[in-house]
Amino acid sequence: MQSERSRSRNVVLLVLVAALGYFVDIYDLLIFTIVRVQSLSDIGVKPEDSRRLGEFVINVQMAGLLLGGILWGIIGDKFGRIKVLFGSILLYSVANVINGFVQDVNTYAAIRFIAGIGLAGELGAGITLVTETMSKEKRGYGTMLVAVIGLFGAVAANLVAHHFSWRTAYFVGGGLGFVLLLLRVGTFESGMYRHVEGSMVRRGSFRMLFANRQRAFKYLYCILIGVPLWFVVGILIAQSPEFGKALGATETLTAGAGIMYSYIGISIGDIFAGLLAQWTRSRRLAIFIFLLLSMGTVVWYLNSKGIDARSFHILAFIMGLGVGYWATFVTIASEQFGTNLRATVTTTVPNFVRGSLIPITFIFDFFVERSNIITAGYIVMFGLTAISLFALSRLRETFGKDLDYLEE
């Protein structure tokens, strides 16, 4: 009985540590988008160049996430999930502190690249540990809690940026990371990983994902089902000042407030998506419903002529609800692959989704230049949703799947 209570406490601690790690991850991931206008202005960027150079910095950060996703994923499968939790948070905490001292765009981008590498390990390692530690019937609740708590990092980022300077906001992000680093002392490794740790089985081989056609396409489909979510946050809301002008907004729309309200919506949406998946015993069904819902909310947003700030905040929240399937999406990816590749997949998939903002930005700008920002929003969102629905149809249901197996 005592052993069972002790195990339950350990599981609760693990979920809390993973959730707080994701909290700091989201804070740091979005802080540039929130302080973009002010920070670039302070280092000498002209207002007319703010969107273009802002896209440059965020794309460099996303490139760091892509590289870091591969790096930490391999480390997680080869050397353990716990090592990723410590290494990733140390790297991005240091980068955040340094970021508070930048004086030019190139240095700004370089530090965001390093921060991106560090950020890439948090969510994947945390979700992998939770899915491998909790029972197959209840692990969906654990990953849901990680996402719900973590996503409030966006709220914290907006509040800190609103009340303090952008440089202080970066210092706070670094400080939160160092505090969390201390809280992680005592966390335990996944039992499933310990079973294969001393074996001769290949672990953390990125090439194995492409060793056969079926596995490679399954990996690609896992990435594609999450792409619309990041387009909504990374472009439709992040560039809300520009969308507001195109819609004839009665006042300037601010990306910081939009991101805060959208992430509150995503957190609540994650609860509904997680519960829907548990009640229907189908993660695929939950994501299907949310993909359609997100398409409807974006159409609403792009039709909001003469929008004011209050209406924008409500719409940002509703759009957040629509794409609130992040935890369910990451859980599906984690459940699709064996223990020797699980950390690699669970770490790279969400970061490749984030990194997809790079090509999406180029595609979006292509249509903006040939039409306008509203039409471009429609075209890209419809296209991404169609691709995601197709990818979802190609994945097998994983609810209740036994995860104690290996990829050959």
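Brief remarks on what is shown
- Residues being among the charged types (D, E, K, R) and either more than 20 Å from Ile70 (Cβ to Cβ) or surrounded by fewer than 24 Cβ atoms within 10 Å (Cβ to Cβ) (or both) - total across the stretch 110-136: 2
- Candidate set from the stretch 350-408 (those that are of a type in the set (D, E, K, R), more than 19 Å from the chain's Cα centre (by Cα) and part of a helix (DSSP H, G or I)); member that is surrounded by the most Cβ atoms within 10 Å (Cβ to Cβ): Asp365
Residues checked against (1) farther than 27 Å from Gln38 by Cβ; (2) part of a helix (DSSP H, G or I); (3) out of contact with any strand residue (DSSP E or B) (no Cβ under 6 Å at 6 or more places or on another chain):
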{"residue": "Gly64", "(1), (2), (3)": "no, yes, yes"}
{"residue": "Ile70", "(1), (2), (3)": "yes, yes, yes"}
{"residue": "Phe86", "(1), (2), (3)": "yes, yes, yes"}
{"residue": "Val102", "(1), (2), (3)": "no, no, yes"}
{"residue": "Ala110", "(1), (2), (3)": "no, yes, yes"}
{"residue": "Phe113", "(1), (2), (3)": "no, yes, yes"}
{"residue": "Gly118", "(1), (2), (3)": "no, yes, yes"}
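- Qualifying position, being surrounded by 15 or more Cβ atoms within 10 Å (Cβ to Cβ) and either closer than 22 Å to Gly69 by Cβ or modelled with pLDDT of 90 or more (or both), among Tyr170, Tyr141: Tyr170
- Residue count, the stretch 230-271 (criterion: under 22 Å from Val330 (Cα atoms) and among the polar types (S, T, N, Q)): 2
- Of all residues in the stretch 146-167, those that are surrounded by 21 or more Cβ atoms within 10 Å (Cβ to Cβ) and farther than 11 Å from Asp28 by Cβ total 9.
- Sole residue being within 26 Å of Ile31 (Cα to Cα) and either surrounded by fewer than 24 Cβ atoms within 10 Å (Cβ to Cβ) or modelled with pLDDT of 90 or more (or both), chosen from Ile271, Ile287, Ile259: Ile271
- Index of the failed condition, Ile127 passing every other in (1) over 17 Å from Thr348 (Cα atoms); (2) in contact (Cβ under 8 Å) with a residue 40 or more places away in the chain; (3) of a type in the set (Val, Ile, Thr): (1)
- Tallying residues that are surrounded by fewer than 18 Cβ atoms within 10 Å (Cβ to Cβ) and at pLDDT below 90 within the stretch 205-240 yields 6.
The values are calculated or read from the model by the stated rules, or taken from the named source; none is laboratory data. Note that the coordinates shown come from a computational prediction; the quantities given were computed from them, not determined experimentally. Note that each Cβ is placed from the backbone with ideal geometry, even for glycine, and that neighbours are counted across all protein chains shown.
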